[in-house]
Amino acid sequence: MYLSIVMWDLKKSEATVESLREYLRDYAVDAYSALDGMRLKAWFSDSARQLWGAVYLWDSPEQMPGLYKVSRVIDLIGYPPTSVGGFTLEATAEGKSVHETLAGLGIALEGGTQ
């Protein structure tokens with residue numbers, strides 16, 4: 001498996017962490033949930049520093065370009081990610097959690113703000 005991390009510094013963008021939460025609710029979560037070859041995508045943010053990004057877990061590095069089939073975030077932010085990294089997955093562990101599944105979790109889907 002392969003892991004990729006992308007991040008934007010939003011300080012030069014009209015988009016904000018708060019406005020991008022709408023993108024998650026209205027489009028991105030559903031679009032990425034149907035993407036072949038992607039096992040997991042977890043979005044993250046830091047509202048105070050206006051940072052936005054995602055961590056992806058892929059079946060293989062050849063499938064990574066599939067994200068460009070569904071992504072609209074570059075258009076919303078106005079420029080490509082300010083940081084991109086790709087890595088070979090060394091190991092995973094799943095701990096004991098109160099959540100049975102990761103699907104549907106997160107502040108954007110829970111309707112809250114930070």
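You will find that of Ala91, Ala28, the residue that is small (Gly, Ala, Ser), closer than 23 Å to Met1 by Cβ and either surrounded by fewer than 16 Cβ atoms within 10 Å (Cβ to Cβ) or in contact with a Cys (Cβ under 9 Å, 6 or more places away or on another chain) (or both) is Ala91 and no other.
Checking each residue in region 42-63 for being assigned to a strand (DSSP E or B), of a type outside the set (Gly, Ala, Ser) and either open to solvent by 60 Å² or more (accessible area, probe 1.4 Å) or in contact with a Leu (Cβ under 8 Å, 6 or more places away or on another chain) (or both) picks out Trp43, Phe44, Leu51, Trp52, Val55, Tyr56, Leu57, Trp58. Inside region 66-88, can you point out the residues that are closer than 11 Å to Leu35 by Cβ and either open to solvent by 30 Å² or more (accessible area, probe 1.4 Å) or of a type in the set (Lys, Arg) (or both)? Scanning region 66-88 gives Tyr68, Lys69, Ser71. Filtered by the rule that a residue be modelled with pLDDT of 80 or more and surrounded by 13 or more Cβ atoms within 10 Å (Cβ to Cβ), region 94-114 gives no residues.
Before we move on, is Leu20 touching a residue at least 12 places away in the same chain (Cβ under 8 Å), open to solvent by less than 20 Å² (accessible area, probe 1.4 Å) and over 18 Å from Thr88 (Cβ atoms)? Judged against the criteria, Leu20 is a match.
Of the residues Ser13, Ser60, Ser33, which single one is hydroxyl-bearing (Ser, Thr, Tyr) and under 12 Å from the mean Cα position of the chain (by Cα)? Before the answer, list the steps.
Values: Ser13 fails: under 12 Å from the mean Cα position of the chain (by Cα); Ser60 fails: under 12 Å from the mean Cα position of the chain (by Cα).
From the options Ser13, Ser60, Ser33, the qualifying one is Ser33.
The values are calculated or read from the model by the stated rules, or taken from the named source; none is laboratory data. Keep in mind that this is a model prediction, so the values were computed, not measured. In this analysis, Cβ positions are derived from the backbone assuming ideal geometry, glycine residues included, and neighbour counts consider all displayed protein chains. Heads up: the accessible areas ignore ligands, DNA and RNA and are worked out on the full protein's heavy atoms, side chains in. Shrake-Rupley method; radii C 1.70, N 1.55, O 1.52, S 1.80 Å.
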